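A quick write-up on the structure given underneath.
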Amino acid sequence: MSAEATPADPASGNSGRTTDRLLGVLMVFAEAERATAAQVAEITGIPVSTVYRMLDRLSSTGFVQRVGTGPDYGAGPVAVRFAERYRNGALERTSIGPRLERLSHESGELAAFMVPVGTEALCVDAVEGARVLRCCYTRGAVRPLLRGATAEALLAHLPDSRREEVYAAYRLPSERVRALEAAHPLVRERGVAISESALDEGVWGASAPVLDDSGSLSGVVTVMAPAALTERRRPYYVRLVKEAARDLSGGTI
């Protein structure tokens, strides 16, 4: 196996090959949440030394990033923004946007749709309610899958291997992992996760999972409201968010 030359200028005739290889590396992360350089090399057939150089280049431009403190790489913030723009366009052709509008109108509160991306939750769409709520979930925002109703609902419906990756990436102590795992059966049984002041002080939230036709997790629908002003309305919000999730799931919840 011959050594690879450092990517040359167009005059060298190698620029097209380098571009194809960079795209090949990126395509790995379109299919996999995370991968090591060795795994990328195996999938693409590119020498691992070259893969490392390409990952360095892609990391410096934000297309990929290190995941946790281990050897794995995953999609970076630039790739996430590309995904967000794609999803925003796709949302115009789906029922998600209109259903969030309806949920926000019925509740009078902020309604959002989140999906798991690696070890984080990405807000792909959000609709403000009648009153402006200061919270961390706005369109395009990402947050670690660690705490709050959204994270609990996502984690409870992710495969075991994905949850273990999240725990390992954030180096959660065993007692914290046990506490999270102990809560998941009840979240799955009730079809909703609820939290208060977990991410934003004074904000109450309820999240229900959206499942695809095979019963796999697609994302979660969330309603967020001021905790101090909405205590009596919380059962109503829970019903609304579960109805919205059921509608978007095709009746599988």
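All conditions but one from (1) at pLDDT 80 or above; (2) among the aliphatic types (A, V, I, L, M); (3) more than 16 Å from Glu120 (Cβ to Cβ) apply to Met27; the one that does not is (1).
Only residues that are of a type in the set (Ser, Thr, Tyr) and over 23 Å from Ala168 (Cβ atoms): list them for region 41-82, please. Spell out the reasoning first.
At the first step, the residues of region 41-82 found to be of a type in the set (Ser, Thr, Tyr) are 44, 49-50, 52, 59-61, 69, 73.
Passing the criteria: Thr44, Ser49, Thr50, Ser60, Thr61.
All conditions in (1) aliphatic (A, V, I, L, M); (2) touching a residue at least 60 places away in the same chain (Cβ under 8 Å); (3) more than 26 Å from Ser107 (Cα to Cα) hold for Leu199, with the sole exception of (3).
Here is a check on your reading of the model: is Leu122 closer than 28 Å to Arg234 by Cα, aliphatic (A, V, I, L, M), at pLDDT below 85 and open to solvent by less than 10 Å² (accessible area, probe 1.4 Å)?
Spelling it out, Leu122 is indeed closer than 28 Å to Arg234 by Cα, aliphatic (A, V, I, L, M), at pLDDT below 85 and open to solvent by less than 10 Å² (accessible area, probe 1.4 Å).
Selection of region 67-84 for residues being at pLDDT below 85 and open to solvent by 40 Å² or more (accessible area, probe 1.4 Å) yields Gly68, Thr69, Pro77, Arg81, Phe82.
Residues that are under 13 Å from Val223 (Cα atoms) and either not hydrophobic (A, V, I, L, M, F, W, C) or not in a helix (DSSP H, G or I) (or both): does region 149-160 have at least one?
Just the residues of region 149-160 that are under 13 Å from Val223 (Cα atoms), to begin with: 149-150, 153.
Still in the running and either not hydrophobic (A, V, I, L, M, F, W, C) or not in a helix (DSSP H, G or I) (or both): 150.
Yes, region 149-160 contains at least one residue that is under 13 Å from Val223 (Cα atoms) and either not hydrophobic (A, V, I, L, M, F, W, C) or not in a helix (DSSP H, G or I) (or both).
Among the residues here, Glu201 does not qualify as open to solvent by 40 Å² or more (accessible area, probe 1.4 Å), over 29 Å from Ala228 (Cβ atoms) and out of contact with any Leu (no Cβ under 8 Å at 6 or more places or on another chain).
If a residue has to be out of contact with any helix residue (DSSP H, G or I) (no Cβ under 7 Å at 6 or more places or on another chain) and either at pLDDT 95 or above or not hydroxyl-bearing (Ser, Thr, Tyr) (or both) to count, how many in region 175-197 make the cut? Full working, then the answer.
Quick first cut of region 175-197, residues out of contact with any helix residue (DSSP H, G or I) (no Cβ under 7 Å at 6 or more places or on another chain) only: 175-176, 178-179, 181-182, 185-186, 189-190, 196-197.
Imposing the further condition that a residue be either at pLDDT 95 or above or not hydroxyl-bearing (Ser, Thr, Tyr) (or both) reduces the set to 175-176, 178-179, 181-182, 185-186, 189-190, 196.
Qualifying residue count for the region: 11.
When Leu186 is tested against (1) more than 23 Å from Asp125 (Cβ to Cβ); (2) over 19 Å from the mean Cα position of the chain (by Cα); (3) open to solvent by less than 40 Å² (accessible area, probe 1.4 Å); (4) among the hydrophobic types (A, V, I, L, M, F, W, C), exactly one condition is not met: (3). Look at (1) surrounded by fewer than 15 Cβ atoms within 10 Å (Cβ to Cβ); (2) closer than 18 Å to Asp20 by Cβ and you find that Leu58 fails only one, number (1). Here Met114 clears all of (1) touching a helix residue (DSSP H, G or I) at 6+ places or on another chain (Cβ under 8 Å); (2) at pLDDT 85 or above; (3) assigned to a helix (DSSP H, G or I); (4) open to solvent by less than 50 Å² (accessible area, probe 1.4 Å) except the condition numbered (3). Taking each residue of region 150-172 that is closer than 23 Å to Gly191 by Cβ and touching a residue at least 60 places away in the same chain (Cβ under 8 Å) and looking for partners that are surrounded by fewer than 20 Cβ atoms within 10 Å (Cβ to Cβ) and of a type in the set (D, E, K, R) with beta-carbon atoms closer than 9 Å, six or more apart or interchain, yields Thr150/Arg143; His157/Arg188; Arg162/Glu33.
The conditions are (1) at pLDDT 70 or above; (2) within 17 Å of the chain's Cα centre (by Cα), and Arg87 fails exactly one of them. Which is it? Unmet condition: (1).
The values are calculated or read from the model by the stated rules, or taken from the named source; none is laboratory data. Quantities reported herein were computed from a predicted structural model and do not represent experimental measurements. Positions of Cβ are backbone-derived with ideal geometry, glycine not excepted, and every protein chain shown enters the neighbour counts. Side chains included, ligands, DNA and RNA excluded: accessible areas come from the protein's heavy atoms. Shrake-Rupley method; radii C 1.70, N 1.55, O 1.52, S 1.80 Å.
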